[in-house]
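Reading through the structure tokens given below for one structure.
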Ligand code: ADP
């Protein structure tokens, strides 16, 4: 009787797990389709508000022009949100074959993509020796780009950003670090910030969607790695993540 009971419990657990897996898959598919399909109508709103300004600016009064500017600003924010959400849903989406990839190349690409922010802020980004590892190159580049981008965005008003990128081997994992001298993270939020849409500032202070660190979390989860932050508010932060050797 006892044996029979245990077996039924396991069957029930398997059924619930399968239901949960399917619900997760549906949710993921929904988020992907919604963010993908929203891009086109958003582009139309953007294009037609630009056309409206171009052709009819002279017929509009101050309020009319102001409203169109709000429209355009809102659309731009929504486009960023939709693009980031799409990136988030795609982390587990593509199964490109994992090849050994030089982390220096991923860093180089992310710095090219951040060139504007680096130049505008006068940031200095220095890196120590980085390894080659078996990882999807897009994933590593997204990790560097989000973390270095944040290191520059959340800079201190008192000094230009100085960012150091490094990696150390610890047993079967590489521990990467991105250290900055920015505003820092209050210790009580150091786990919370990796959640989807979690932000410590509003968009008037710092632009953003609250998806960047959630993308990083998702990427390292995929490789059974970890990501965390050590920080002293007002002095800077060190974001660390692990990936298998
Ligand atoms: P976003 O930057 O779009 O708000 P993220 O998910 O990248 O979203 O970051 C979540 C929050 O974590 C940010 O709003 C910010 O408050 C905090 N944060 C992230 N990186 C840093 C950093 N390097 N220094 C200080 N705060 C940071």
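Structural remarks
- Between residue 226 and residue 169, the modelled labels are 2.0 nm apart [label points 7 Å from Cα along Cα→Cβ].
- In percent, rounded to a whole number, the relative contact order of the chain is 16, using alpha-carbon pairs under 8 Å and six or more apart.
- Between the Cα long axis of helix 137-153 and the first principal axis of the chain there is an angle of about 50°, rounded to the nearest 10.
- Exposure proxy ranking for 11, 221, based on other Cβ atoms within 10 angstrom of each Cβ and starting from the fewest, stands as 11, 221.
- Acute angle (nearest 10 degrees) that the helix 212-222 long axis makes with the longest principal axis of the chain, alpha-carbon atoms: 20 degrees
- Here the simple spin-label model places points 7 Å from the Cα toward Cβ, and for residue 205 and residue 177 these points are separated by 2.7 nm.
- Considering only region 93-235, percent of DSSP beta bridges that pair antiparallel, nearest 5: 70 percent
- The gain in end-to-end length when the residue 16 to residue 51 segment is fully stretched comes to 7.3 nm, 0.36 nm per residue minus the alpha carbon separation.
- Using alpha-carbon coordinates, inclination of helix 62-90 to the longest axis of the chain, degrees: 20 degrees
- Based on the Stokes-Einstein relation at 25 °C and a viscosity of 0.890 mPa s, and on the Kirkwood radius from alpha carbon pairs, region 76-173 is assigned a translational diffusion coefficient of 163 µm²/s.
- Springs between Cα atoms under 10 Å define the GNM used for the chain, and in it the highest mean-square fluctuation of 125, 112, 175 occurs at 112.
Quick note: the coordinates plus some simple rules give every number you see, no bench work behind them. In this text, all values refer to a predicted model and were calculated from it rather than measured experimentally. Positions of Cβ are backbone-derived with ideal geometry, glycine not excepted, and every protein chain shown enters the neighbour counts.
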